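Following: one structure in structure tokens, then a few remarks.
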């Protein structure tokens, strides 16, 4: 949120969404483990909502930021929008290596800048990217440029220059958007319970078995006869046994993914036993390897890279050479899955179309994770998670009324997509076991992000009105919000449901008189007088310690917690401190790196110890010699020729 406001909850209940997605991916992991273990053992999953939600913070609130610098990130993070001359909004990420195409746009619009095409290092300040300081000069210049041109002019100029940019849209704009029309994003489904069709967003898992039919929610008890409690589980009777610690062992993934959304998905696969071979190149390094640490560049140390690539193997090949491509073709028959998160069609343009992959390995699962897929006019464009969030309609659902559209401070689709990746891959492998067929899956990150706004979209489709931005309020709770506490930028969150909790809350804050006050006596009355109620609560919380407030309200049966920052999570919150783990890279053993633990747990299992991310090219020799059977002299020749690079 804006630093002038309280910390702001995200759109469409992100805590529920992240937890639900974590449950979905963990269930698919457990099913795979059950069906491939002797005795078909069951498993109990133990998912912490706090850990599930924290998964989306590995970029903007990475634990190494506190370990190395003793700093917690500041608001607003990756959430800004830019207003164009025509009043419409846009988001962009200017590429430092393409200043030669950005600076002419500034010159044409009369924006002063004082930069040259060689000044790419303005994207970095000290020992981290400048966005962590919120002082990226290219971002500020883009804001000035946007104010002087229309949105269409702004987008076309950045697209022509190879930069990442997308419109920031509300629902009425999405109705008119050529992209959403071509994507077939929304479908009307008959809903007898309400007597009219309802508009649904397509399932994000449509690509696995498209199209997945959408059924309306059932009336109470409607389908009870179809799902008897005694129904036997599918796949045969369950017997005794233990869920293997690595339930995905035996799955091999050839992973071309880079940056965040794709690698975080294959990270989950690797953490549970899949062999993930990360295909890299020293000639075109993964951007999250190319970040300063301690004022210097070291490919094995950056925080997000280490968090997103736990347990993987690194293979560095120059795929501009014919021999480099041949080695990929030799690996394809030996893998179950090929994954990439390039722009739509990029893997084909690199020389690896699905048709040829299938000829070499008929059972291969090919997973594409483009920012925008299908036949969309945006499909060829560069995208990043914060821009996809803006284009999905999410930014117009976040924040306080009257404020500019704003995202959640994180590149949200980068952290929802990984769980959909796991669910898609394991669903496809499950289907392959039935029919023996491979599949090509295109999981559009934008389509998947839009699908998470289903209830909000349905409201708009029914009323024709853009849902208002709720700030921190909730229709089913009152009070519900984030309130000031003693200290600098310290806050406490609380939620009260129903009249009984309201009475307990009023007693806890020393205001039992509020229970009988006509303006607060019922939920409806409290909602009608929410501004006055928030002022009373803020006056009570402001001089107090946030932890003490939360403890007092919890003791009274009211949901409350201190709003935590990175320091709190790593040093104060006793229930969360063991979430983090610490690793060292062999190439820089003096540097300790903090990584996030795995939110998915099997009940009774001790904390899953994750393996560190790979050193660049660490597994070249074992992969090429042991897996492909090359001789030592053949391998050495590849190194000399620069094919292994």
Notebook entry, point to check: How are the C-alpha pair distances of the stretch 1-111 spread across 10 Å bins, as whole percents from the shortest bin up?
Noted result: 10, 23, 26, 22, 12, 5, 1, 0
Margin query: Within a 10 angstrom radius of the beta carbon, how do 623, 536 rank from fewest other beta carbons to most?
Written below: 536, 623
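Just need the Rg to Rh number for the stretch 355-398, please, alpha carbons only, Kirkwood Rh. Write down the numbers at each step before the final one.
On the way: Rg = 15.3 Å, Rh = 12.9 Å.
Expressed as Rg/Rh, it is 1.19.
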Next item on the list: Take every Cα-Cα distance within the stretch 497-645, group them into 5 Å bins from 0 onward, and report for each bin the whole-number percent of pairs it holds.
Entry: 1, 7, 10, 11, 9, 8, 8, 8, 7, 6, 5, 4, 4, 4, 4, 2, 1, 0
Notebook entry, point to check: In nm, to one decimal, how far is the modelled label at residue 45 from the one at residue 552, with both set 7 Å along Cα→Cβ?
Noted result: 3.9
Next item on the list: Just grab the label-to-label distance for residue 322 and residue 542, each label 7 Å out from Cα along the Cβ direction, in nm (one decimal).
Entry: 7.6
Notebook entry, point to check: So what are the radius of gyration and Dmax for the Cα set of the chain, in Å?
Noted result: 25.7, 87
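In the P(r) worked out for the stretch 480-564, what percent of Cα pairs fall beyond 19 Å?
Details: 1075 of 3570 pairs.
Percentage above 19 Å: 30.
To the nearest 0.05, what FRET efficiency results for residue 634 and residue 349 with a Förster distance of 51 Å applied to their C-beta separation?
Numbers: r = 29 Å, r/R0 = 0.56.
So the FRET efficiency works out to roughly 0.95.
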Next item on the list: Report the far tail of the P(r) of the stretch 276-420, meaning the percent of Cα-Cα pairs longer than 25 Å.
Entry: 42
Check: Taking the Cα-to-Cβ direction at residue 435 and at residue 465 and moving 7 Å from each Cα, how far apart do the two end points lie in nm?
Finding: 4.6
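Nearest 5 percent is fine: what portion of the DSSP beta bridges confined to the chain is antiparallel? Walk me through the numbers on the way to the answer.
Working: 34 of 53 bridges.
Of all bridge pairs located within the chain, approximately 65 percent are antiparallel.
Tell me, 435, 100 in order of fewest to most beta-carbon neighbours within 10 Å? Don't skip to the answer; put the middle values down first.
Working: 435 9, 100 12.
Least to most surrounded, the residues fall as 435, 100.
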Item checked: Descending Cα extents along the principal axes, the stretch 554-595, whole Å -> 52, 15, 11
Note to self: Neighbour counts of other C-beta atoms within 10 Å: give me 92, 478 arranged from fewest to most.
What the structure shows: 478, 92
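Can you check what the Kirkwood hydrodynamic radius comes to for the stretch 600-645, Cα pairs only, in Å to one decimal?
Values: mean 1/r = 0.0761 Å⁻¹.
It works out to 13.1 Å.
Per residue of the chain, what 222 nm ellipticity follows from adding -39500 (n - 2.57) for every DSSP H run with n ≥ 4, rounded to the nearest 500? Don't skip to the end; give the middle numbers.
Numbers: 23 runs with 218 residues, N = 645.
Mean residue ellipticity, 222 nm, calculated: -9500 deg cm²/dmol.
Normalised by the residues of the chain, what does the relative contact order come to in percent, with Cα pairs under 8 Å and at least six apart?
On the way: 1214 pairs, mean separation 128.6, N = 645.
Here the relative contact order equals 20 percent.
Cα-Cα pairs above 25 Å in the stretch 343-472: how many percent?
Numbers: 3219 of 8385 pairs.
Summing the P(r) tail past 25 Å for the stretch 343-472 gives 38 percent.
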Next item on the list: Rank-order 164-175, 409-420 by packing density, defined as the average count of other C-beta atoms within 10 Å over each peptide's residues, highest first.
Entry: 409-420, 164-175
Item checked: Overall dimensions of the stretch 424-522 as given by Cα atoms, namely Rg and Dmax in Å -> 23.0, 69
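Read the figures in this text as sums done on the coordinates, not as results from a lab. Note that this is a predicted model, so its numbers are computed, not measured. Cβ atoms come from the backbone with ideal geometry, glycine included; neighbour counts cover every protein chain shown.
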